[in-house]
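Written below as structure tokens is the structure these notes are about.
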Amino acid sequence: MEQKITKMNNWFEEKIAACGRRNAELQADDRTDEAVFEKVKANIYDAMRTWMTVAVRIGNGNEKAVKDFFIARAEQIPASWEAAYEKAKEHNDAARMQTEQVKLDVVREVRAEFDQIWEGAE
């Protein structure tokens, strides 16, 4: 389990760093709106890294408990983002829709990476 946690944390670090670099590039090109999306992505990666840390603490060495907690969080928290997306859609708020979609896309990406790492051999 330790190796899986390390892989996930390394992956989170890489993603957060990449978002930071991309944010700086976009800011330098005066593409402020796109730069904001990179910040949003970095924040979601960081939040999910925190959920992983909490899962490990709560799981207390039990790999199944860690996995179950993380998956539950990865499904529960984004539900409010899906609702916000639908509300923005009702109000034709394209900017808000795009922000919520970015969050949901990051969660899907994290979930896929988590599943790949967690199901892999240790």
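The values are calculated or read from the model by the stated rules, or taken from the named source; none is laboratory data. A quick note: this is a predicted structure, and the numbers were derived from the prediction, not measured. Cβ sites come from the backbone with ideal geometry, for glycine too, and all protein chains shown count toward neighbours. Protein only, heavy atoms only, side chains kept; ligands, DNA and RNA dropped before computing areas. Shrake-Rupley method; radii C 1.70, N 1.55, O 1.52, S 1.80 Å.
Numbers below:
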| read-out | value |
| --- | --- |
| Residue match in the range 53-69 (condition: in contact with a helix residue (DSSP H, G or I) (Cβ under 6 Å, 6 or more places away or on another chain), more than 20 Å from residue 6 (Cβ to Cβ) and without any contact (Cβ under 8 Å) to a residue 40 or more places away in the chain) | no |
| Residue list for the range 14-49, restricted to those being over 20 Å from residue 100 (Cα atoms) and of a type outside the set (A, V, I, L, M, F, W, C) | 14, 21, 25, 27, 29, 30 |
| All positions within the range 14-51 that are in contact with a Ser or Thr (Cβ under 9 Å, 6 or more places away or on another chain) and aromatic (Phe, Trp, Tyr) | 37 |
| 2 or more residues among the hydrophobic types (A, V, I, L, M, F, W, C) and open to solvent by 60 Å² or more (accessible area, probe 1.4 Å): qualifying helices (runs of 4 or more DSSP H) within the range 10-122 | 32-59, 94-119 |
| Which listed residue is in contact with a Phe, Trp or Tyr (Cβ under 8 Å, 6 or more places away or on another chain) and farther than 24 Å from residue 2 by Cα, from 76, 98, 27 | 98 |
